[in-house]
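Chemist: Can you read through this structure? Questions will come right after.
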Amino acid sequence: MIITLPWPPRTQFPNWRGHWAVKARDTKVCRQTGLFRARYGYDGNVMLGDACWPFDGNVQLAITAHPPNKRWHDDDGIATACKAYRDGIFDAFGRDDHLCKRTTCTIGCTKPGGEVQIEIKEMEE
């Protein structure tokens, strides 16, 4: 299952220094966006609805980031910036994100506006 999300706001990156209330507001919006996209897909059509969790055991996430610009982004910073998205996706299924045992992040080509694709798949032993 692949979920496409917008590029995270700068407040979600670990090196951002600003007021905690601004970060909290953006974190809430990102979490709700992750939940909405997991349930209804990119265009708002029902993709999963209230479907049950499609995996039996632990899962792994593969994040593919398409930055909005040619600035250098490190993979661990992008993975951290996507934490609220991850929480929202797991909220959509009524699960806790402790089921995710591995997260990988790759950086793809730039796209106008940027985007992040999160693929959830069964844990490979």
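Chemist: Quick check on the stretch 90-101. Is at least one of its residues within 18 Å of Thr4 (Cβ to Cβ) and in a strand (DSSP E or B)?
Modeler: Checking the stretch 90-101: not a single residue is within 18 Å of Thr4 (Cβ to Cβ) and in a strand (DSSP E or B).
Chemist: I would also like to ask the following. For the stretch 66-85, does any single residue satisfy the condition of being part of a helix (DSSP H, G or I), among the charged types (D, E, K, R) and in contact with a strand residue (DSSP E or B) (Cβ under 8 Å, 6 or more places away or on another chain)?
Modeler: Checked against the condition, which is being part of a helix (DSSP H, G or I), among the charged types (D, E, K, R) and in contact with a strand residue (DSSP E or B) (Cβ under 8 Å, 6 or more places away or on another chain), the stretch 66-85 yields at least one hit.
Chemist: For Gly57, all conditions in the list (1) part of a loop (DSSP other than H, G, I, E, B); (2) at pLDDT 85 or above hold save one; what is the number of the exception?
Modeler: For Gly57, the failing item is (2).
Chemist: Being closer than 20 Å to Tyr40 by Cα and either surrounded by 15 or more Cβ atoms within 10 Å (Cβ to Cβ) or in contact with a helix residue (DSSP H, G or I) (Cβ under 7 Å, 6 or more places away or on another chain) (or both), is that true of even one residue in the stretch 70-80?
Modeler: No - not one qualifying residue is present in the stretch 70-80.
Chemist: Take the residues of the stretch 102-118 that are among the hydrophobic types (A, V, I, L, M, F, W, C) and either surrounded by 17 or more Cβ atoms within 10 Å (Cβ to Cβ) or in contact with a Cys (Cβ under 7 Å, 6 or more places away or on another chain) (or both): which is nearest to Met1 (Cα to Cα)?
Modeler: Filtering the stretch 102-118 for residues that are among the hydrophobic types (A, V, I, L, M, F, W, C) and either surrounded by 17 or more Cβ atoms within 10 Å (Cβ to Cβ) or in contact with a Cys (Cβ under 7 Å, 6 or more places away or on another chain) (or both), the one nearest to Met1 (Cα to Cα) comes out as Ile118.
Chemist: Checking Arg10 against (1) closer than 21 Å to Thr110 by Cα; (2) modelled with pLDDT under 90; (3) not polar (S, T, N, Q), which test does it fail?
Modeler: Result: Arg10 fails condition (2) only.
The values are calculated or read from the model by the stated rules, or taken from the named source; none is laboratory data. Only a predicted model underlies this, so the values are computations on that prediction, with no experimental measurement involved. For neighbour counting, all protein chains shown are included, and Cβ atoms are generated from backbone atoms with ideal geometry for every residue, glycine included.
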